[in-house]
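Every number here is computed from the coordinates shown, using simple stated rules; none is lab data. Fair warning: this is a prediction, and the values are worked out from it, not measured in the lab. Cβ placement follows ideal geometry from the backbone for every residue including glycine, while neighbour counts extend to all protein chains displayed.
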Amino acid sequence: MADRKSQVEEILAVSDLRKYFEKKAFLRRLEVIRAVDGVSFSIGTGQTLVLAGESGSGKTTIARLILGALEPDWGKITFSGEMTGLDRESIARIRRECQMIHQDPYASLDPRMRVIDIVREPLDIHGIGRPAERREMALGALRDVKLDADDVALKYPHMLSGGQRQRVAIARAIAPKPKVIIADEPVSMLDVSVRVGILELMKELQERDGISFLYITHDLSTARYVGDEIVILYMGKIVEYGKIDDVLLHPAHPYTRALVEAISEPDPDNLTTEKKIHVNPTLDINPYQGCRFRARCPYAVERCSDEPPLEDIGGGRFVACFVKPD
C-alpha cells in the first residue's frame, strides 16, 4: 500500500502487526483475544490517518504498540525509515518524536503538578535544550495552543476548564517538537462547544509544523473533519482503508456503511431512524474464522466462512469483503 503515498514522504508505517492476549475464565478453557491481527498502514509527513472502529476494535492497542508500551507478537514498525524495536534507544527515540494526546484531560495531567511543570516534563526527560531554556520553551508551547501562558503557568489542572486542560495536554505533546502525534479520542470527553476549537488547533499546528497525526476515534463526524485517510477496524482487522471522503461518502464494506448510517445528523427525521448493526442470532461461530463481521452482516453468504483478503478496488481503496452492497 506504500505506493499510495509515493508523492509524500512516509514517516510511520506498520506492517502485519499482531498482538494477542490470553484471557482466563473460571471453569472455562483459555481464550485468545486477537486484539490486533495483521494490520498494515502508513502515514505521510504532515498528514492525518484516522483509525476508526467500535470499542474493542484494537485502536488503542495499536497506539501502545507504536509507542513501545507493548511488545508485538509479530510484524514491524518503521519510523522515519528506520525499523523500531524494544531496545532502550529505539523506545527513547519513538517517545521523543512520537507524542500522545490522551482521551481524558482530567486523568492525563498530574493534579499535583503546576501547568508549567507538566508542559516542561518531556523536555526534562529527553534533555531537550539547556535547563535554563526549558521554562521559556514550555511557555512558548502554551502560547502555541492559544493559552495565556502568564495566567495558567502556575495553576494546577483542577483550576482549568476541560478545554484548557486538553490544550495543556497538546502543549505538552508539541513541546519536544515531535514528528508524529497520536491523538486517542482527543475531543470525546469535551463539551461539544469546545470540540471544534481543539480540532482547529490541531490542524493549525499540523500546517505550521508539518506534524503527522494518528487520530483514533469512534466518531466518524470528527474523523472527516481532520483526516486525510481512514482505516476502519473491526475486531483487530482492517475491513476498509482509503481516502477519507471516498470511504465515508461511498462506504464499500457493510460495517463501514453501518458506522456511517449511525452518525447523528441535525435532521428531525433522523430521530426516528433505527441506528444499529443487525445481528443474526442463528449464527454460533468462531469469530476468528472467516469474515469476523459475518454474524452481524445482512449481506453474509456461505463464502463468508472464508476470510476475505484486503483487496485493492482502485483509487487507493482497499476493502475486505466478498459481497459488497450496491
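Percent antiparallel among DSSP beta bridges with both residues in the chain, to the nearest 5?
Values: 29 of 47 bridges.
Bridges in the chain that DSSP calls antiparallel: roughly 60 percent.
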Sorted by number, the cysteines in the chain with no other cysteine beta-carbon under 4.7 Å are C98, C297, C321
How many angstrom lie between the C-alpha centres of the range 92-156 and the range 157-231?
15 Å
If contacts are Cα pairs under 8 angstrom and at least 6 residues apart, what is the relative contact order of the chain in percent?
19 percent
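Counting Lys and Arg as +1 and Asp and Glu as -1, what is the net charge of the other residues whose Cβ lies under 10 Å from the Cβ of K146?
Numbers: positive: R143, R167; negative: D144, D148, E200, E204.
After counting each charged neighbour, the total is -2.
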Given the options L142, L30, L249, which has the most mean-square fluctuation in a GNM of the chain, springs set between C-alpha atoms less than 10 angstrom apart?
L30
Listed residues L147, Y106, S55: farthest to the positive end of the dipole of the chain (Cβ charges):
Y106
Spelling it out for L12: with amide H atoms placed in the peptide plane at 1.01 Å from N, the residues 5 or more places away or on another chain with amide H under 5 Å from its amide H are I43, S80
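Percent relative contact order of the range 26-170, based on C-alpha pairs within less than 8 angstrom and at least six residues apart?
Values: 113 pairs, mean separation 26.9, N = 145.
Computed value for the range 26-170: 19 percent relative contact order.
Counting Lys +1, Arg +1, Asp -1, Glu -1, what net charge surrounds L190 among other residues with beta carbon under 14 Å of its beta carbon? It would help to have the intermediate numbers written out before the result.
On the way: positive: R165, R167, R195; negative: D104, D184, E185, D191, E200, D219.
For residues surrounding L190, the net value is -3.
Taking 1 over the mean of 1/r across every pair of different Cα atoms in the range 51-203, what Kirkwood radius in Å do you get? Intermediate results must be reported in sequence, preceding the final value.
Working: mean 1/r = 0.0612 Å⁻¹.
Computed over Cα pairs of the range 51-203, the Kirkwood hydrodynamic radius comes out at 16.4 Å.
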How big is the range 145-240 along each principal axis, measuring the range of its Cα positions in Å and listing the largest first?
47, 27, 21
Of K179, K24, K155, which is the most mobile in a GNM of the chain whose springs link Cα atoms less than 10 angstrom apart?
K24
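Quick one: net charge around Y234, please, counting Lys, Arg +1 and Asp, Glu -1 for every other residue with C-beta under 10 Å from its C-beta.
Neighbour charge sum, excluding Y234 itself: +1.
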